[in-house]
Every structure is written in structure tokens, then in C-alpha cells.
Amino acid sequence: MYVSKYNVIVNLRDRGDVSIIHNLFHGRACLIGRDLGNALKTALGSEPPKSLNTHYLSLLRDRHFVYESREEEEDEIAEMFHLFQDHLTPGNAGRKYEILLNYDCNLRCVYCFQKKMRGGAIKNFPMTEAQLDAVLKTVATIEARNAEGNRQASEAALLSVVGGEPLLPDVRHRTALTKIARFAAEHDCRYSITTNGVALIDYLDLFEACGRKPNHVQVTVDGPRQIHDQRRIAIGGGGSFDRIVEGIEAGLSANIPIGVRVNVDLMNVSGITELGALIRSKGWDKSPHFSAYLAPVTDHSAVNKTYKWIKADATIIKQLVALFEKEPELEDVFRMKNFRGFDQVRELSRGGRVGPVFWRCEAVLGQLVFDPSGDLYTCFEAAGREKAKIGRYFPDLQIDAVRLRRWTSLNTFENASCSGCRFRFTCASGCPWHIVGQGVTECLPIEEELELAWNHFAPVFMRRLAPAASGLAPC
Amino acid sequence: MPRFKSPSATPSGTAPPTGAGKEAAKTDLVIDISEGVTELLGLRGAGTVSQLKEIVADCCLQACDCCLQIS
């Protein structure tokens, strides 16, 4: 017999008699006695403890926490990977196309990952009309091929418009957005925009006139005004907060789905409470078109080495969980989807199910990113870097299969450098651009995150389990 | 994170073996919090192809962490 190495055992802080066993491959989670938990902790990846009686061994075996052998578990993992793989649309499985209209921006954010893309050797002009036509022609061709092969997923293809800043207030950008919105309408695609929000309000009339509003607009707000304006600074100085808030309000009034992203690091984590209060005071959180999430600031491009506020360990998540425990209403405002361990436990504690993450993101699923130099990438964050390029789309479409394979081989199952890691099906081998660009895997503090999360969500699942755990009083 | 709503994910307690008293129940419980996707293991009970596709899509087609929208 073999105890899965993917089991994580968490001792609940406020319950000395129980532990959680959570398998990070298949997502099963159970409440178990503390003695059993402690015994299993010492046996992960090896034989079960001799003291374990056959009854409990059988219960754990039925739940795939224990296997007949290591090989049996490995066979199951391989089988599930191939099952999933066989059901993906070949090529660009996510059917997502990113149109990087420019590398220019009207803000100079303190942690910008594209700062080296502006000026210098990189051309500071938006995608030309001829280039955009080539992009849309490529999308139409691929989608038509998918339709012929009846391989389309249920959702429509997505055109994601990004920059730099894609909503700059000039004719060339307005023309491009018009063309994209019309293409989406004619080809029944979805389209979304990732913007800093400064000129969002100026584009609402254009969306209306095109007869096709974006399916989603992401706007970044890093805190209340005094904090946001220190981080997301207008060219020449000055803040951006008021214009952005104006744009969000107008967008929501126009029934455009708006997602607020908050880039969190040590510089602004203390402002989350005030930002949450602002969102609630404006009633945005009550709008069906509004969502918000907290995302840690990262440096996968290694361009912010002197930026002192980034923490790659569990510091940020610890501070956020402490905030949530002090002010639980914040959890109703902000999602934590980028903190993968935390988000996973949130789902499990509510009775949802979570499976293994074999593909970290669209970049390893063959997404196409089109930039204004006529180059092709699979990763938006890596766009503009020679190392990341997979080909060109202008004047003709040319994809380098070897370069593409550097990305698509980075699934969790096949990535050899992570094969021994217990956390690989949660972090999914970390950021692919980190691996391609820096040659190393980015390891995340998943274990600490899980421990924090299981303790944080204990009242949620203990309430739900109360009838079954009749011998246990709720936390 | 890939997540799937599970209508059947109700907690199911398992009683300890005969002879175990309240104290044993406190220390030896195995109670399901979530079933995960164990029914897919070994492809047993994988459901219909469309259900499977839905699960696979949910699991695999995630938005990137770094910069983009909620999928």
C-alpha cells in the first residue's frame, strides 16, 4: 500500500482533535481525527503507518488517499491527463486571441512589466490597419477550420484587446476598436478589453455605435485615491484615480461588465480595506456587472528587481487573510482567484469540487498574441521579447513549431522539473514565461496558503458538516 | 482554479468500527468535505461526453494569473 504524496494534512488551529486531509491531484478533502492525521503526515509518499487499522485504511483507499502502489496512482494521473487532453480543441484550445494594439501607455506604473517595451528599439506605434486586418483574417480562418471539424467549445471565441494601453484617446485606436467590435458582431465572437481605465469613459459611445459592447472590461484600481495615484501615475505626474472611477461608473451604467483588478504588494495591501469600503459605498458590489479581485504583483519578466514591495513568499496572503478575518465583508467584494491554494480551499469548503490543473494558462494551450511589430506570441506578458516569440502573422502567417513547443510542452504532467513536487497540480508548474524567460520554475508558497485557507474557512465547512459530524460542535 | 458545482457533494460521515465510543468518534472520523473529481479516476463513471467536456473546459481553460480578465 502507498500513501499519496499529493495528500496535504492540515491541523486545524482551533480544533485540537481534527485535521484535514486534502489530495491536491483529485481534489478530495476530508475531515479526519488528529491522531490519524499525524500518523499519515509521516507516511506521505511511502507505506501507511503500521498502526493504521484495516477499517480506516479501507476508507482512505476508497477515497484515493491511499493506493495499492505508487504505480497505480501514476497510472491514474496519466489516464486523467490523457482524458482531458483528448477533449481539448487542438491548436488554440482556449480559442483566445489577444490583440496587443500597442506597447505605449498614458500611465507610468511603478511596477510596470512592459517598461522596457516603450521607446528605444521597440516601436512606439499602434498596430496598423493592414496588420489588424491580417489578425482578424487569421482568427476567421482558424475559427472556420474549427467549425468544419466540429471542434468548437460551447463558448464563442474571445478576442482580448490589450496594450500598453489599448484605449488611448486618438483616431487610430478608435478605428481599431471599431473594427474589432464589428468583427466580433459579424463573427459572433466575444471581445474583452484590458485597460487602465483612464479613457474608458470616452469609448462608451463607440461601443454603443458599433452595436456590440465588450463582453468584459478589466480596469485596474490599486487602492483609494492617495494610494492608487502613487502607483499608477499619469505621464508627467498626477493621478489617474478620478477619471478611472468615472469610467467604471459610466461603464456599469451602460451595462458593461467591469472587472476591477487590484495589484497587491506590500505598498498597498493596507489600502484594501478602504478600497472595499469605497466599492460598497458606490454600490458597485451590488451590480450584476461588477466583480473585483486581488492579484499579487509579480515580476516574471525580471524587470522590477529593484522594486522592493514584491514578496514571493506567503507574506501578502497572510496579511490579506488577517484583513478578511478582521473584516469579513471584504471577502464578499474581492475574489482571490490568483491565490490558487486559497481559492481552491474556498471552493472545497463550500462543497464544490476542484480538479488538477494540467495547463497553467492560455500560453501553454496555444493562445495567439498578435503584437504591433507583426510578431506572434502565446503569452501576453512575454510579448516583445525575442526569447518568447513563436512566429509572425504579418505580412504572412508563420509559426515556428519548435518555439511553440517550448510553451505547449509546459503542461503539469509532462514538465519534468516539477514531476517530484507535491504541489504541482495546484500551482501548475508556475508561470510559463518565468520558465521560458528565466529558465527556472517559479515555486509558490502553496503549502502555507493551504494551511491558512483551511483554517480560515473552517467555520464554513464545519457548519455544513455539522449533521454528519454529530460528535463535533461547530467551530 | 478549476471548479465544478457538485449537487452530490453532501457530507457523508462514516461511523467508526464497532466498539468505538464518543471519544473514538472524535479522533477517528473520516467525513467528506468535498469529493473532488475522484469519479473520473480510472474513467469510471465519467458521465456523458458533453459533461466531461464541460469539466475539462472548466479545468483547463483558465485565464492567466498575470494580467488578464476573469474567464
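The values are calculated or read from the model by the stated rules, or taken from the named source; none is laboratory data. It should be emphasised that the depicted structure is a prediction, and the values quoted were computed from it without experimental measurement. Counting neighbours? That spans all protein chains shown, and the Cβs are built from the backbone with ideal geometry, glycine included. Ligands, DNA and RNA are stripped out before the accessible areas are found, and what is left, the full protein with its side chains, is counted by its heavy atoms. Shrake-Rupley method; radii C 1.70, N 1.55, O 1.52, S 1.80 Å.
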Handout entry: Some residue of segment A:449-470 being more than 14 Å from chain B (Cβ to nearest Cβ) and polar (S, T, N, Q)
Key = no
Exercise for the section: Report, ordered by the first and then the second residue, all pairs with beta carbons closer than 8 Å, sequence separation of six or more or different chains, a first member in segment A:24-41 that is at the interface with chain B (Cβ under 10 Å from one of its Cβ atoms) and over 13 Å from A:Ser349 (Cβ atoms), and a second member that is of a type in the set (Gly, Ala, Ser) and assigned to a loop (DSSP other than H, G, I, E, B). Expected result: A:Phe25/A:Ser4; A:His26/A:Gly355; A:His26/B:Gly36; A:Arg28/B:Gly36; A:Arg34/A:Gly16
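Which members of segment A:150-169 meet the condition of being open to solvent by 60 Å² or more (accessible area, probe 1.4 Å) and either at pLDDT 90 or above or of a type in the set (A, V, I, L, M) (or both)?
A:Pro169
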Handout entry: Those residues of segment A:191-244 which are part of a loop (DSSP other than H, G, I, E, B) and closer than 21 Å to A:Ile272 by Cα, in sequence order
Key = A:Asn196, A:Gly197, A:Val198, A:Val221, A:Asp222, A:Gly223, A:Pro224, A:Gly239, A:Ser240
Fill in the blank from the handout: Listed by first then second residue, the pairs whose first member lies in segment A:1-22 and is of a type in the set (Asp, Glu), whose partner is part of a strand (DSSP E or B), with beta carbons under 9 Å and at least 6 positions apart or on separate chains, are A:Asp17/A:Gly33
Problem - Of the criteria (1) more than 14 Å from chain B (Cβ to nearest Cβ); (2) touching a strand residue (DSSP E or B) at 6+ places or on another chain (Cβ under 8 Å); (3) under 21 Å from A:Asn215 (Cα atoms), which one A:Ser253 fails - result: (2)
Exercise for the section: Test A:Arg392 against the stated conditions and say whether it is open to solvent by 50 Å² or more (accessible area, probe 1.4 Å) and without any contact (Cβ under 8 Å) to a residue 60 or more places away in the chain. Expected result: yes
Handout entry: Scan of segment A:325-339 for residues that are assigned to a loop (DSSP other than H, G, I, E, B) and within 14 Å of another protein chain (Cβ to nearest Cβ), ordered by number
Key = A:Phe334, A:Met336, A:Lys337, A:Asn338, A:Phe339
Practice task
Check A:Ala322 against each of (1) assigned to a helix (DSSP H, G or I); (2) more than 10 Å from every other protein chain (Cβ to nearest Cβ); (3) buried (at least 21 other Cβ atoms within 10 Å of the Cβ) and name the one condition it does not meet.
Solution key: (3)
Problem - Residue match in segment A:457-465 (condition: in contact (Cβ under 8 Å) with a residue 60 or more places away in the chain, of a type outside the set (S, T, N, Q) and over 21 Å from B:Glu35 (Cβ atoms)) - result: no
Exercise for the section: Filter segment A:2-11 down to residues that are within 12 Å of another protein chain (Cβ to nearest Cβ) and within 14 Å of A:Asn455 (Cα to Cα), then give me how many there are. Expected result: 1
Completion exercise
The correct count of residues that are hydroxyl-bearing (Ser, Thr, Tyr) and surrounded by 22 or more Cβ atoms within 10 Å (Cβ to Cβ) in segment A:427-462 is 1
Exercise for the section: Would you confirm whether any residue within segment A:297-304 is of a type in the set (Asp, Glu) and closer than 14 Å to A:Phe457 by Cα? Expected result: no
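Taking A:Ser349 as the residue in question, decide whether it is over 18 Å from the mean Cα position of the chain (by Cα), more than 19 Å from A:Phe113 (Cβ to Cβ) and facing chain B (nearest Cβ under 9 Å). Break it down into steps so the answer makes sense when it comes.
On the way: over 18 Å from the mean Cα position of the chain (by Cα): yes; more than 19 Å from A:Phe113 (Cβ to Cβ): yes; facing chain B (nearest Cβ under 9 Å): yes.
In short, yes.
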Completion exercise
Among (1) farther than 24 Å from A:Val460 by Cβ; (2) within 8 Å of another protein chain (Cβ to nearest Cβ); (3) of a type in the set (Asp, Glu), A:Asp17 falls short only on (1)
Practice task
Run down A:Thr306, A:Thr273 and say which single residue is of a type outside the set (Asp, Glu) and closer than 17 Å to A:Pro224 by Cα.
Solution key: A:Thr273
Exercise for the section: From the list A:Val364, A:Val354, A:Val369, pick out the single residue that is buried (at least 21 other Cβ atoms within 10 Å of the Cβ) and at pLDDT 95 or above. Expected result: A:Val369
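Every residue, every condition in (1) under 30 Å from A:Met267 (Cβ atoms); (2) at pLDDT below 85; (3) out of contact with any Cys (no Cβ under 6 Å at 6 or more places or on another chain), yes or no:
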site	(1), (2), (3)
A:Val110	yes, no, yes
A:Met117	yes, yes, yes
A:Ala121	no, yes, yes
A:Met127	no, no, yes
A:Thr138	no, no, yes
A:Ala144	no, no, yes
A:Glu148	no, yes, yes
Handout entry: Answer residue from segment A:71-103, given it is farther than 22 Å from B:Val37 by Cα, at pLDDT below 90 and more than 10 Å from chain B (Cβ to nearest Cβ) and is surrounded by the fewest Cβ atoms within 10 Å (Cβ to Cβ) among those
Key = A:Pro90
